[in-house]
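The values are calculated or read from the model by the stated rules, or taken from the named source; none is laboratory data. This one's a predicted model, so the numbers in the text were calculated from it and none came from an experiment. We place every Cβ from the backbone using ideal geometry, glycine too, and count neighbours over all the protein chains shown.
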Amino acid sequence: MEYRPRILDNYPHQRHFLQLVNIPVFGTPFLYMKNHKAACTTVLATLMANLLQQKGETTDSIDMGSVHTPPNTLLLTGPRGLSMPRVMEALADKQVYRFTIVREPVARTVSSFADKIVKGEKQKTRLMRYLKRPADSDLTLSEFLDIMAQDPAARDLDRHWRSQRLEISYDFISYDFVGDMADLGGALSRIVRRVFNVAHPEVQDTRASLGHKSRSAELIEGMTATDRRNIEAAFGPDFEMYEDVRQKLAEAA
């Protein structure tokens with residue numbers, strides 16, 4: 001029987017897991033676990049920019065396409081670039097710097113709704129198909145959150161709103177650093193200093209450079225008590241994880 005690592009129990013299939021792992025082609029070994037809707041665009045753009053600088057190349061090639069499908073001359077990710085044995089070896093290697101970024105669960109969930117449902121992206125079509133509704137059906141934030149609270153399969157339908165505790169395998173991976181998106185600049189500066197050994201880290205601002213913005217603040221302000229209870233019901237383990245991360249960061253400060 002083929003060996004199946006327990007970590008894969010967190011994911012619908014192996015490809016899903018491998019698409020979250022990012023390992024550099026050269027330089028200091030690291031492993032970044034991508035966490036959708038937790039500044040992953042900014043993190044990847046920053047990693048790519050510093051890798052390009054190490055090669056003596058400009059950062060002009062960085063755009064939304066290259067960030068979400070990194071060139072295999074810089075980062076290895078997905079089943080085409082990585083194998084399970086390679087990833088498991090990196091996870092066990094103490095020389096590999098393992099890190100990720102998490103986000104406060106309310107902000108992440110609402111951002112997913114604002115970015116993927118309100119804008120009518122393919123994720124909405126997939127959700128509507130699952131719910132057996134027309135793709136162009138209206139869906140309010142309250143309805144979305146009620147679905148998340150009541151339907152585990154709907155929660156797992158898309159990685160943008162799926163439990164980040166599962167997405168980053170928080171209970172399986174021994175991370176060297178887990179940053180908080182609330183202090184993204186500080187987290188990325190720490191990562192870049194450690195990985196690229198630079199005194200003055202350069203962090204990419206993808207909100208400015210790539211127009212990567214999500215308008216979810218007003219949605220959060222308009223949430224009801226029921227909405228918040230539904231998020232807590234849907235993503236209780238994520239709230240526990242986030243508080244654990246915050247406590248560890250506070251103790252290390």
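Which of the residues belonging to segment 69-109 are more than 15 Å from Arg162 (Cβ to Cβ), in contact with a Phe, Trp or Tyr (Cβ under 7 Å, 6 or more places away or on another chain) and either of a type in the set (S, T, N, Q) or part of a loop (DSSP other than H, G, I, E, B) (or both)?
Passing the criteria: Val96, Glu104.
Among helices (runs of 4 or more DSSP H) lying entirely in segment 110-178, which contain 2 or more residues that are surrounded by fewer than 19 Cβ atoms within 10 Å (Cβ to Cβ)?
Result: 122-131, 141-150, 152-155.
Among Arg108, Arg155, which is closer than 19 Å to His16 by Cα and touching a residue at least 24 places away in the same chain (Cβ under 8 Å)?
When all the criteria are applied, what remains is Arg155.
Out of Asp176, Asp244, Asp227, report the one residue that is within 30 Å of Gly27 (Cα to Cα) and at pLDDT 95 or above.
Of Asp176, Asp244, Asp227, the one residue that is within 30 Å of Gly27 (Cα to Cα) and at pLDDT 95 or above is Asp176.
Out of everything in segment 193-207 that is modelled with pLDDT of 75 or more and assigned to a helix (DSSP H, G or I), what residue ends up being nearest to Tyr32 (Cα to Cα)?
Val195
For segment 216-227, what are the residues that are touching a residue at least 24 places away in the same chain (Cβ under 8 Å), within 19 Å of Ala38 (Cα to Cα) and assigned to a helix (DSSP H, G or I)?
Those that are touching a residue at least 24 places away in the same chain (Cβ under 8 Å), within 19 Å of Ala38 (Cα to Cα) and assigned to a helix (DSSP H, G or I): Leu219, Ile220.
Kindly evaluate Thr28 against the criterion of being touching a helix residue (DSSP H, G or I) at 6+ places or on another chain (Cβ under 7 Å) and part of a helix (DSSP H, G or I).
No; evaluated as a whole, the condition is false for this residue.
Quick check: is even one residue across segment 41-49 out of contact with any Phe, Trp or Tyr (no Cβ under 9 Å at 6 or more places or on another chain), among the β-branched types (Val, Ile, Thr) and closer than 21 Å to Thr109 by Cβ?
yes
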